[in-house]
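The values are calculated or read from the model by the stated rules, or taken from the named source; none is laboratory data. None of the values given here were measured: they were computed from a predicted structure. With ideal geometry, Cβ positions are generated from the backbone for all residues, glycine too; neighbour counts draw on all protein chains shown. Surface accessibility is based on the protein's heavy atoms, side chains included, excluding ligands, DNA and RNA. Shrake-Rupley method; radii C 1.70, N 1.55, O 1.52, S 1.80 Å.
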Amino acid sequence: MIAIDLPTPGAEPAEAPVLSRHWSDDEPWLLRNYVHRNGYQGLKVALQMAPDDVIDMVKASGLRGRGGAGFPVGTKWSFIPQREERPKPHYLVVNADESEPGTCKDMPLMLATPHMLVEGVIIAAYAIRARHAFIYVRGEVASVIRRLRDAVAEAYEIGVLGKNIFGSGFDLDLVVHAGAGAYICGEETALLDSLEGRRGQPRLRPPFPASEGLYASPTVVNNVESIASVPAILRNGVDWFREMGTEKSPGFTLYSLSGHVTRPGQYEAPLGITLRELLERAGGMRAGHELKFWTPGGSSTPMFTAEHLDVPLDYEGVAEAGSMLGTKAIQLFDETTCVVRAVLRWTEFYKHESCGKCTPCREGTYWLVQILQRIEDGTGTQADIDLLAETTGNVVGKSFCALGDGAGSPITSSLQYFRDEYDAHLTGGCPFDPALSTVFANGGSA
Ligand SMILES: Cc1cc2nc3c(=O)[nH]c(=O)nc-3n(C[C@H](O)[C@H](O)[C@H](O)COP(=O)(O)O)c2cc1C
Ligand code: SF4
């Protein structure tokens, strides 16, 4: 077993980057390098506390889930029944499916510092009294799966996984499970079905995973970034974490910038930063071009325009301005991009990924693609634009899971901000040259 000293709370600066601080270092994925940089110190702190106290600490930090909805992490953990008369096993499942168009933060995090996630998993499992944990990874990313499995093997070798971790009497087994590449398997109940070996389709709720999740037992499902944020909170304390971000959305987070931006990539910052500030760091829009529209949190979140450059990018600020922070996947499009074509591409994605369980989404996404295609081709009519809005209304709020609602977001918001551009397609077809807008030149989602 390796020696790990206890940290001095608050010794690290209360500033981003925290999650990505060591991404550019030499081989940050190796255990020895992780341990040199405070690795597994948060776990040591946690194991000296009672599990309920760990939950209380994460609750007090105000950490919110980074998988899309922003639900408080500690509160979710506290829903797991802790003192049942006839206890069932508890499970922790990390959602590493990451398939939302534009979302690309969890994969680099796991590739660069897999031990940060493994450490978070052990702390979270200890807190909810789970003895088995799973990381469900999107199946296509073989390099990430390999790196995670290597990190898990290293963690077993030094005794931070397995029996009697750090002599605490706590045992934990961690399995890295590769999915088969379906967007719907990121929806937490579809993920659980897939993990159990069934076709991944959302479950009816209630019962919620906290009471009947994996194998009908109490289960916490959390996003990769949510869990990877926990060790730093244990090391540095609640006040340290709350020094960053805003009161209701405290802490640091990863914003993923893609599209027509000079330097696309991951930008870690306190919650509440604006796109104007992020763009300053990313070198602005590509030279000679202007921002036309952007997604604050992936393609399932209503789009914004250049008018929204100063919206605080936290859960409250984005909601107040009419969208959702989602996964903080900021896709940027300049004036060369046809909004109808962009929305058509996203809708094709939702049609392809619709699991088919409910009629509004299965049929609706099919028809939405047909209508958008007609408008984009220049064969649409005014009635088609009305039909587009009406069909979207038959999907949003009427589908079985949030995929249907997400599919409607780009359509409804683009009609709100760019109705003129839809109308312009009715007389003479698409006025944009696809060769100028590199983002959608190859088809598929951005
Ligand atoms: C269609 C769909 C896809 C989703 N994909 C993901 C995903 O890839 N990763 C993720 O963490 N959450 C995803 N979610 C959200 C999860 O259902 C769940 O809310 C999340 O994993 C909870 O983690 P958090 O509380 O840490 O944010 C998706 C939801 C839907 C409806
Ligand atoms: S909304 Fe779409 S993805 Fe969700 S259950 Fe219905 S068909 Fe499946």
Review point. Got a sec? Charge dipole of the chain, +1 on Cβ for Lys and Arg, -1 for Asp and Glu; which of Leu195, Tyr183, Leu275 is way out at the positive end?
Key: Leu195
**Study point:** Phi-based couplings in Hz for the stretch 151-156 (Karplus 6.51, -1.76, 1.60; Gly and Pro marked x)
**Key:** 5, 5, 4, 4, 5, 5
Point to revise | Long-range HN-HN contacts of Glu335 with modeled amide H, under 5 Å | key: Glu290, Lys292
Review point. Where does the stretch 339-425 land on Rg/Rh, using Cα atoms and the Kirkwood Rh?
Key: 0.94
Review point. Under a 5 Å amide H to amide H cut-off, with H placed in plane at 1.01 Å, what residues pair with Val176 once short-range neighbours are removed?
Key: Ile135
Exercise for review: From the C-alpha gyration tensor of the stretch 279-426, pull out the three semi-axes of the equivalent ellipsoid (sqrt of 5λ each), sorted largest to smallest, in whole Å.
Suggested key: 25, 19, 12
**Study point:** GNM flexibility winner over the chain from Val144, Val175, Val220 (Cα, springs under 10 Å)
**Key:** Val175
Point to revise | Residue-averaged [θ]222 nm for the chain, counting only DSSP H segments that reach four residues, each worth -39500 (n - 2.57) | key: -12000 deg cm²/dmol
Practice item. Apply the Karplus parameterisation 6.51 cos²θ - 1.76 cosθ + 1.60, with θ equal to phi minus 60°, to every residue of the stretch 329-342 and state each ³J(HN,Hα) to the nearest whole Hz, in sequence, with x for glycine and proline. Key: 8, 9, 9, 10, 10, 9, 5, 7, 8, 7, 5, 5, 5, 4
Revision key, fill the gap. When the charge dipole of the chain is computed with +1 at the Cβ of Lys and Arg and -1 at the Cβ of Asp and Glu, the Cα pointing farthest to the positive end, of Ala321, Cys361, His289, is that of Cys361
Revision key, fill the gap. Expected unfolding gain across Ala306-Arg205 under the 0.36 nm per residue rule, minus the alpha-carbon gap, is 32.5 nm
Check your understanding: How far, in nm, would the chain grow between Glu140 and Lys163 when pulled straight, counting 0.36 nm per residue and subtracting the alpha carbon separation?
Key -> 5.1 nm
Exercise for review: Could you give me the percent of Cα pairs per 20 Å distance bin for the chain, shortest bin first, beginning at zero and ending with the bin that holds the maximum distance?
Suggested key: 26, 55, 18, 1
Revision key, fill the gap. Expressed in nanometres to one decimal, the distance between label points 7 Å along Cα→Cβ at Arg263 and Thr412 is 3.7
Study note, to complete from the structure: Any residue on another chain or 5+ positions along whose placed amide H is under 5 Å from the amide H of Val261 is listed here as Arg286
Point to revise | Separation of the His36 and His177 label points, Cα + 7 Å toward Cβ, nm | key: 3.6
Practice item. Tally up the carbon and sulfur contribution to the accessible surface of the stretch 31-242 as a whole percent, 1.4 Å probe, everything protein left in place. Key: 51
Point to revise | Fully extended contour minus Cα-Cα distance, from Ser24 to Tyr156, at 0.36 nm per residue | key: 44.9 nm
Review point. Which Rg and Dmax, in Å, describe the Cα atoms of the stretch 219-277?
Key: 13.5, 42
Revision key, fill the gap. Rounded to the nearest 10, the angle in degrees between the Cα long axis of helix 51-61 and the longest principal axis of the Cα atoms of the chain comes to 40
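Dipole of the chain, Cα-centred, from +1 at each Lys and Arg C-beta and -1 at each Asp and Glu C-beta, to the nearest 20 debye?
For the chain, the charge dipole is close to 1140 debye.
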Point to revise | Rounded to 10°, Cα long-axis angle of helix 382-395 versus longest principal axis of the chain | key: 20
**Study point:** HN-Hα J in Hz across the stretch 411-419 - Karplus 6.51, -1.76, 1.60, θ = phi - 60°, x for Gly and Pro
**Key:** 5, 4, 6, 6, 5, 5, 9, 10, 4
